[in-house]
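Report on the structure given below.
We did not get these values from a lab; they are worked out from the coordinates using the rules stated. Since the structure is predicted, the reported quantities are computational estimates derived from the model, not experimental observations. Cβ: placed from backbone, ideal geometry, glycine included. Neighbour counts: every protein chain shown.
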Amino acid sequence: MSKTISGFSKFSKTEKIDWLVKTFFANDITAANTLKQYWSSDEELQELHDEFIENTVSNYYLPYGVAPNFVINEEQYVIPMAVEESSVVAAASLVAKFWSTRGGFQAEVISTKKIGQVHFIYEGDVDELRNYFNNTKEDLLEATESITKNMRKRGGGILELELRDKTEDLDNYYQLHVTFDTKDSMGANFINSCLEAIAATFKKEGIQIVMSILSNYVPECLVRAEVSCKIEDLGDANPELFAKKFKQAVDIANVEPHRAVTHNKGIMNGIDAVVIATGNDFRAVEAGAHAYASRSGKYKSLTNCEVKDGMFKFWIEIPLALGTVGGLTALHPLSKLSLQMLQNPSAEELMKIVAVAGLAQNFAALRALTTTGIQQGHMKMHLSNIIKQLGATEKERDYLLEYFVDKQVSHSAVVDVYNNLNL
C-alpha cells in the first residue's frame, strides 16, 4: 500500500487518524483509541492545542511536577518542571532543600543582548560596500520603526547594527550583524521581522541577500548562578574528601569532552524541564548552551567549582534567551500557570530561576557520582516504572517495592523476582 497522500492537511482530525490506522496499524482500532484517549474533554482547550501545530491528531503528555524549597536571592520559589525522566524532580527538590539551609542560591543576569543577522553575498569592491552601508545605516534602522515602536517603549529594540566582512571564512560572504534587547519576550518573531525589513531596504547592485534570521547563539544573553558554604558544612561524613572529589569531577568535565557532554546533559535535564513548563523554546536553549560550552574551541563543562580557604563554591554561567510574554507563554494554560507559580517573573528573573535549576541538577548528579554512584538512586526511582510495565497488581507492586528497598535494582532483577512471585 502506498504511504503517499495528497491533501492530508485538509482532512479532519478523525479522518487523519482513520488514514493512519488503515495505513500503519492494519485497521487496529486500538491505535485510534490510544490517540483519542489523550484528547482533552474540554473542547475549547483541545481546539487551542490543535492550533499550535499542523496535522494535530492527539496530545503528547509529559509529567508536570514541582520542586519546592528553592531559595534564590533570599526569595522562596517552587519551580515547575515538565519532564519524563524519573529522577529529575526528586533530585532538584533534594538539592533545593539542602542549599536552603546554607544560604540558598545566588543568581545574577550578566547581559541580555541577542543577535540577528542578514547574510549576503557581494562580489564588488569592499570599500564601496562600506560606504554604501555607512550612508544607508540610518535608513536601515528607520525601516524597522513600525516594528520596534512598542519594544522601544519597554526599553528594548535595536542596540547596534554592523557590517561584518566574513570573506576570510567564505568567498564574498558578508553580514549585517544586529544586536537586540527584547526585554521580557524571547523575541524570535520580533528579531526576524526587523531583519527582513532591513534586508528589504539594503539594496545595491551586486548585493545578493541569502537569508535573514536570528541566531540562537546568545553568548551575551548570559546569567550566572552559584552556591557556596564552608567545606565543613557540606554535610558529608568526610566533607574535605567530598569537596575534593566533587571539584575533580568538574575539572574532568572541563578537559574531557566525552564526560563534558554527559555532564552538561544533566544540567539541561533541569533547565529544559523548566523551559518547557514555562512555554519557552528548549531546542533554542539547548543549541545556545552547547555552542557556549564550545566557545574556547573545545567542548567543556558549563559549571565550575572552587575549593579554597575552607570554602566550597560551585557555579554556572550559561546563555538563556527566555521570554515571559508572547508565544506559547501567553497561550498554553499550564505555561501561564507556571509563570504565576514563579510569581510572574520578568525574563531576567526567569533566566535566574532556570540557571539555578540547571545548577541544582548538576550538583545532585555530581554528588551521587562521587559518593554512592548514579545508578543506585536512579534505578530506585525507575523501579516503579518497571513494575508498571510488568502489569503488576497492587499487592505485587507493594511486595516488589519492599523487596528492593535494600537491593540493587536492575530491569532483569525485577523481572526475575516478579516471574517467581507466588502471592
List 180, 282 from most exposed to least, where exposure is judged by having the fewest other Cβ atoms within 10 Å.
282, 180
Measure nothing fancy, just the Cα-based angle from helix 126-142's long axis to the longest principal axis of the chain, in degrees from 0 to 90, nearest 10.
70
Which angle between 0 and 90 degrees, to the nearest 10, do you get for helix 282-293 versus the longest principal axis of the chain when only C-alpha atoms count?
80
Rounded to the nearest 10 degrees, what's the angle between the helix 347-369 long axis and the longest principal axis of the chain, both from Cα atoms, 0 to 90?
40
Can you tell me the relative contact order of the range 50-114? Whole percent, Cα pairs under 8 Å, sequence separation 6 or more.
32
In debye to the nearest 20, how big a dipole does the range 8-50 give about its Cα centre with +1 on each Lys and Arg Cβ and -1 on each Asp and Glu Cβ?
300
Relative packing of peptides 302-313, 202-213, 341-352 - highest average C-beta neighbours within 10 Å first:
341-352, 302-313, 202-213
Work out the length of the dipole vector of the chain about its Cα centre, built from +1 on the beta-carbon of each Lys and Arg and -1 on the beta-carbon of each Asp and Glu, and round it to the nearest 20 debye.
820
GNM flexibility winner over the chain from 355, 237, 26 (Cα, springs under 10 Å)
26
Computed [θ] at 222 nm, deg cm²/dmol, the chain (DSSP H ≥ 4; -39,500 (n - 2.57); rounded to nearest 500):
-15000 deg cm²/dmol
If I build a Gaussian network model for the chain, linking alpha-carbon pairs within less than 10 angstrom, which residue out of 398, 139, 233 has the largest mean-square fluctuation?
398
Options 280, 320, 333, ranked by Cα towards positive dipole end of the range 266-365, top entry (Cβ charges)
320
Please arrange 128, 74 by how many other C-beta atoms lie within 10 Å of their C-beta, fewest to most.
74, 128
What relative contact order, as a whole-number percentage, does the chain give when Cα pairs under 8 Å and 6 or more residues apart are counted?
17
Could you grab the relative contact order for the range 296-423? Cα pairs under 8 Å, six or more apart, rounded to a whole percent.
16
Correct option for Rg/Rh (Cα atoms, Kirkwood Rh) [calculated from the coordinates] among (1) 1.04; (2) 0.97; (3) 1.08:
(1)
Positive-end extreme of charge dipole, the range 114-214 - chosen from 192, 132, 156 (charges on Cβ):
156
Which residue, 27, 55, 264, has the most motion in a Gaussian network model of the chain that connects Cα atoms within less than 10 Å?
27
After finding the eigenvalues of the alpha carbon gyration tensor for the range 41-173, what semi-axes result from the square roots of 5 times each, listed largest first in whole Å?
45, 26, 18
Once you list every other residue whose beta carbon is under 15 Å from the beta carbon of residue 302, what net charge do they have if Lys and Arg are +1 and Asp and Glu are -1?
0
